[in-house]
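Right, one structure below, let's go through it.
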Amino acid sequence: MSVLEALLVVQEHDTAADRLRHRRATLAERTELEASEAALAELEPVLADLRRRHDELSADERRLDDEARSLEEKAAAVEKTMYSGEVSSPRELQAMQADVGQLRRHRERVEERELEVMEARDALDTELADAEQSFEPARGESARLRAALASQEEMIAGELTAQTQARAAAAAGVPAELLALYERCRAKARGVGVARLAGTTCQGCHLAIPATEAERIRRQPPDHVSHCDNCGCILVAS
């Protein structure tokens, strides 16, 4: 095999590797995962806000319940003192009765407020449950897509490793100067550094070169380097 034929094998592996990289970058799972994570990113702050508000209402409910209990305990303590016989002054008893009434009216207002908070929390419970019901499947779908993407990337990585190793084996028989020239041509011609000349057509750019030029290339020694007039890649005559 001539060095130019070996270079064609290098090109085959480079092209295969380029396709694998493109495939990895354009995996459907990647696009789907991005969309899924974008949806999660929108849901997360909504869910966090609902949970924060739920916690605040629950804390308010507990605080109001404690306050109502405390007021009732104070009223009951005053009543106990009133009926214990320890206080005999009518004026003092009247004042204590007024305190009991004030404490219980205050407790009623606190309980009304507690009821409002409970109703608000109940409504928020429903809203939070609906949001969590939407969030959990979305999170599960993201996890599934992430695993599927990782599996696809792992498979492509294995194929890339095989192409890299095969490319290295093929390149071992190509002089370093020719490989460097090939890389320069490849960079200029969008990934094609060497191509077969079929008839008068360059298989790299699929454009025709003059018949006289094609004939001249075919008369050259097997390892002579010629270039396509159109794309600049190295041509290997059939």
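The values are calculated or read from the model by the stated rules, or taken from the named source; none is laboratory data. What you see is a predicted model, and the numbers here were worked out from it, not measured in a lab. Here Cβ is always computed from backbone atoms with ideal geometry, including for glycine, and neighbour counts include all displayed protein chains.
Residues that are under 52 Å from the mean Cα position of the chain (by Cα) and either among the hydrophobic types (A, V, I, L, M, F, W, C) or not assigned by TED's automatic domain parsing to the domain that holds residue 69 (or both) within the stretch 99-119 comprise 110, 115, 117, 118, listed in sequence order.
Note on the stretch 58-77: residues that are surrounded by 15 or more Cβ atoms within 10 Å (Cβ to Cβ) and either within 25 Å of residue 98 (Cβ to Cβ) or touching a strand residue (DSSP E or B) at 6+ places or on another chain (Cβ under 9 Å) (or both) amount to 7. Exactly one residue among 153, 159 is more than 22 Å from residue 10 (Cα to Cα), in the same structural domain as residue 40 (by TED's automatic domain parsing) and within 40 Å of the chain's Cα centre (by Cα), and that residue is 153. When the stretch 199-225 is filtered for residues that are outside any helix (DSSP H, G or I), free of Cβ contacts under 8 Å to residues at least 24 places away in the same chain and closer than 25 Å to residue 175 by Cα, the ones remaining, listed by number, are 203, 220, 221, 224.
In this entry, residue 51 is excluded by the filter for residues that are assigned to a helix (DSSP H, G or I), farther than 30 Å from residue 154 by Cα, free of Cβ contacts under 8 Å to residues at least 12 places away in the same chain and out of contact with any Phe, Trp or Tyr (no Cβ under 7 Å at 6 or more places or on another chain). Criterion applied to 100, 87 was being at pLDDT below 95 and in a helix (DSSP H, G or I), and the one residue passing it is 100. In the condition set (1) under 30 Å from residue 28 (Cβ atoms); (2) loosely packed, with under 11 Cβ neighbours inside 10 Å, residue 126 is compliant with all but (1). Does at least one position in the stretch 142-163 carry a residue that is assigned to a helix (DSSP H, G or I), at pLDDT 95 or above and in contact with a His (Cβ under 6 Å, 6 or more places away or on another chain)? Taking every residue of the stretch 142-163 in turn, at least one turns out to be assigned to a helix (DSSP H, G or I), at pLDDT 95 or above and in contact with a His (Cβ under 6 Å, 6 or more places away or on another chain).
For every residue, the table says whether it meets (1) in contact (Cβ under 8 Å) with a residue 24 or more places away in the chain; (2) touching a Ser or Thr at 6+ places or on another chain (Cβ under 9 Å); (3) surrounded by fewer than 13 Cβ atoms within 10 Å (Cβ to Cβ).
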site	(1), (2), (3)
136	no, no, yes
149	yes, no, no
158	no, no, yes
161	no, no, yes
186	yes, no, no
189	yes, no, no
192	yes, yes, no
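In the set 148, 131, which member is under 33 Å from the mean Cα position of the chain (by Cα), farther than 30 Å from residue 17 by Cβ and not charged (D, E, K, R)?
Of the residues listed, the single one that is under 33 Å from the mean Cα position of the chain (by Cα), farther than 30 Å from residue 17 by Cβ and not charged (D, E, K, R) is 131.
In summary, residue 142 fulfils each of the numbered conditions (1) under 30 Å from residue 53 (Cα atoms); (2) hydroxyl-bearing (Ser, Thr, Tyr); (3) loosely packed, with under 11 Cβ neighbours inside 10 Å with the single exception of condition (3).
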